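The values are calculated or read from the model by the stated rules, or taken from the named source; none is laboratory data. As the structure is a computational prediction, the values presented were derived from the model and not from experiment. Reconstructed Cβ throughout: ideal geometry from the backbone, glycine too, with neighbour counts over all protein chains shown. These accessible areas exclude ligands, DNA and RNA; they are computed on the full protein's heavy atoms, side chains included. Shrake-Rupley method; radii C 1.70, N 1.55, O 1.52, S 1.80 Å.
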Amino acid sequence: MPAHVAESDSTPDPTSTTGTTDPLAHERAHLAASRAALRGMREDVQALDIRDVTANWVNAAVLQSQIDDRIKALADLSHTPLFFGRLDYLHAVGGELAEGADGERFYIGRRHVHDAAGDPMVIDWRAPVSQPYYQASRKNPQDVGLRRRFGYTGGELTAYEDEHLTDPAEAEHTSRLLQAEIERPRVGPMRDIVATIQPEQDEIVRSGLGGTVCVQGGPGTGKTAVGLHRVAYLLYAHRERLARTGTLVIGPNRSFLHYIEQVLPALGELEVKQATVDDLVRTGVEVRGEDEAATAVVKGDARMAEVLRRAIRSHVTAPVEPVVVVRGSRRWRVPAYEIQEMVDELLARDMRYGAAHEALPQRIAHAVLVRMEEAGEAPDDRVQNAVARNPAVKAAVKAIWPAVDPAKVVLRLLSDAEFLAAHAGGLLSEEEQKRLLWAKPARSVKSAKWSAADAVLIDEAGDLVARTHSLGHVVLDEAQDLSPMQYRAVGRRCSTGSATVLGDLAQGTTPWSTESWGEALFHLGKADAVVEELTAGFRVPREVIAYASRLLPAISPGLAAVESVRESPGSLAVREVPGGAAELDAAVVAACEESLRNEGSIGLIAADARIPVLGAALEAAGHAYLSPGEETTAESRLTLVPASLAKGLEYDYVVLDEPGAVVDGEPDERTGLRRLYVALTRAVSGLTVLHAAPLPEVLVQA
């Protein structure tokens, strides 16, 4: 059934309660009433007076902060539709929100809105009663008689489209409004997909909090959006629990995080923190150095965890003399063999080093208390704590189980060949050990030129000393690019919680990128995670994804190609530019100008080494451009993107400069072809590939 538009539709709406026979006018009236109700909800919160309900200024500050957050969450975003769909049920729906007469109706939106009497005007998309909006079909209508989708221009409701799921006379059709929403030009940061979630995506979004979910998804399958909407759903379904334990979204770089940062606030979720893996582990050391790829691979290997464990535990030494505690006129003696038994027991329990360091003086003190009781005294816990602080006990613990600094342990491993060999023996080869050692050892933790991989090692060592705080849920995007040690660092942040792992094995562009999700999830500490695969593409046109998929046999054999649901004839142009560098630069600028004639954002993607040259060419032609992470606007829509930062971003039109240079810019061909695969799949509406040098052979042969 075609979409209905305001200018031409006059079909009466038999369920209208506004006195109008024009369905679109009726829906606009409901939108206006819902916006007024939302304003009323916001004004009610703003009018709250908390002066007489708090015991002290601390409670008042906490409560006021919660009220401020609630006010922000109730903001009416003028260009964001308050509701995007409607469900007309055939019968009454069970549950608190749905008691009443047959034929109940619900408007589905980004947040719940109720009127002054408390009756719902818009139902949150995450509520159970909203799920049939995404899942109902002709085969399984789920008691839905009518599903209505709404079309908007800006914040104005301009069209609607109906599906009568139980009417056998109505032919099945593809929703034009749904298609238009998917293809809507992208200006600004990433937006939510709450109006276009597909059934297979919805199942992942609504999966429970108890288990970890890993989503393998090729370009355009919406895996990032699915992960973010899953966070929003979990916060809705388990808000109290996650408010205590916390949630975190981890992305590959700052540009990516800036691109996605508005999705959750648009859904009313303001408390989710975002970070990169580097942000997580850079605590206490400054990263100023950079490793060669081969060195970074060794530092990121899971074997380094055992090397660090051995190095930390090497600080434990056997007691050589008894501990003698003097209290008043009495002397209490604990022999060395008994202290050794305590040490052995702590080592056998595999406690964290710092916890055992704290436990040992209490064990020694307890042994003293036993002797005091045997002598007829009646010591209590205060006496045990006093004995644990006795200078003789403290001196013994310092000698046997001294405190360690994680950064100093890593510094010694990277500086002292003998120390490294003593703890890497049987784990790392001599060649691998040589790669780890600094050519010029640093004198101190502060003067060392730590690399990003070193910071991960220090984080691992820190967890061996003291347990890392665990969050309730972590979303890890572009997960295929992490090293085993980075997976361990993330896993520590959700050791008692769950995770949503998102990625595409074909887009792994680091020398240490994972080859299988089973391996990655093992290192993450979530080996029992459920792996889901998204294969239907909604973003990248069929012609573009088919061209990029020519690379799959070379970069990820056996991985299924994405099947795009969007045909867009003319969306792909591959042009060879005769001549040299000057001619190619001019052709690239011309292609950008051609793309700028269309609506939406434009990304010029090139090998990192080509960015300065192309930037100069754009400036010479009078074109201002943005850098990745800077927000596009209607006036500034062209972004110059180094290939190394393209992952996770998307543009309506992409101009790709010299594919061969993208491949050659990486340390090996496989990584280069994977980087090219990423660059080829950033376009939503059109891709123009320009090259003066020959294309990579795998593209030509295919």
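Below, the figures for the structure above:
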| read-out | value |
| --- | --- |
| Sites Glu697 and Gln142 - FRET efficiency at Förster radius 51 Å, r taken between beta-carbons, to 0.05 | 0.50 |
| Too-long pairs where the Cα-Cα distance tops 25 Å, listed order kept, from Lys299/Lys408; Lys72/Lys526; Lys449/Lys647 | Lys72/Lys526; Lys449/Lys647 |
| Prolate/oblate/rounded call for segment 395-466, Cα gyration tensor, a/c under 1.5 rounded | prolate |
| Solvent-accessible ranking of His469, His423, largest area first, probe 1.4 Å | His469, His423 |
| Extension gain (nm, one decimal) between Ala573 and Leu427, 0.36 nm per residue minus Cα-Cα | 47.5 nm |
| Local electrostatic count, Arg597, Cβ distance below 14 Å [Lys/Arg +1, Asp/Glu -1] | -3 |
| Estimated distance in nm for a label pair at Ala582 and Asp69, the labels positioned 7 Å out from Cα along Cα-to-Cβ | 6.1 nm |
| Rule-of-thumb Rg ratio for segment 381-537 [Cα; 2.2 N^0.38 Å; N residues] | 1.34 |
| Unit charges at the beta carbon, dipole of segment 592-648: most positive-side option, Leu614, Leu596, Leu626 | Leu614 |
| Probe 1.4 Å - accessible area at Asp664, Å² to nearest ten | 130 Å² |
| Using a Förster distance of 60 Å, the FRET efficiency for Asp44-Val565 (Cβ separation, nearest 0.05) | 0.85 |
| Rough spin-label spacing in nm, given labels placed 7 Å along Cα→Cβ, for Glu292 and Val326 | 5.9 nm |
| Accessible solvent surface per residue of the chain, calculated while the other protein chains remain in place, 1.4 angstrom probe, Å² | 45 Å² |
| Computed E for Phe419/Glu669 - FRET, C-beta separation, R0 35 angstrom, nearest 0.05 | 0.40 |
| Accessible carbon and sulfur surface of segment 190-328 relative to its total accessible area, %, 1.4 Å | 48 percent |
| Charge tally in the Cβ shell below 10 Å around Ala355, where Lys, Arg are +1 and Asp, Glu are -1, Ala355 excluded | +2 |
| Only Lys, Arg (+1) and Asp, Glu (-1) charged, at Cβ; the chain dipole about Cα centre in debye | 2820 debye |
| Label-point separation, Ala92 to His173 (7 Å along Cα→Cβ), nm | 3.5 nm |
| Ranked order, Arg206, Arg333, Arg244 - accessible area, probe 1.4 Å, largest first | Arg244, Arg333, Arg206 |
| Radius 11 Å from Cβ of Gly629, net charge of other residues (Lys, Arg +1; Asp, Glu -1) | -2 |
| Dipole of the chain [Lys/Arg +1, Asp/Glu -1 at C-beta], most positive-end residue of Val205, Ile458, Thr681 | Ile458 |
| Charge dipole magnitude, Cβ of K and R +1, D and E -1 - segment 219-267, Cα centre, debye nearest 20 | 120 debye |
| Pair-distance profile P(r), taking every C-alpha pair of segment 146-258, with 5 angstrom steps and integer % | 2, 8, 16, 18, 18, 16, 11, 7, 2, 1, 0 |
| Heavy-atom accessible surface of segment 651-702: percent carbon and sulfur, 1.4 Å | 48 percent |
| Viscosity 0.692 mPa s, temperature 37 °C, Stokes-Einstein D of the chain from Kirkwood C-alpha radius, µm²/s | 112 µm²/s |
| Cut-off of 10 Å, at most 10 other beta carbons, DSSP loop: longest stretch of the chain lacking such GluC sites (Glu not before Pro) | 173-566 |
| DSSP H segments from the chain that extend 15 Å or more along their own axis, Cα-based, with Kyte-Doolittle mean of 0.0 or above | 223-237, 336-348, 452-465, 581-596 |
| Within the accessible area of segment 337-379 (1.4 Å probe), percent carbon and sulfur | 49 percent |
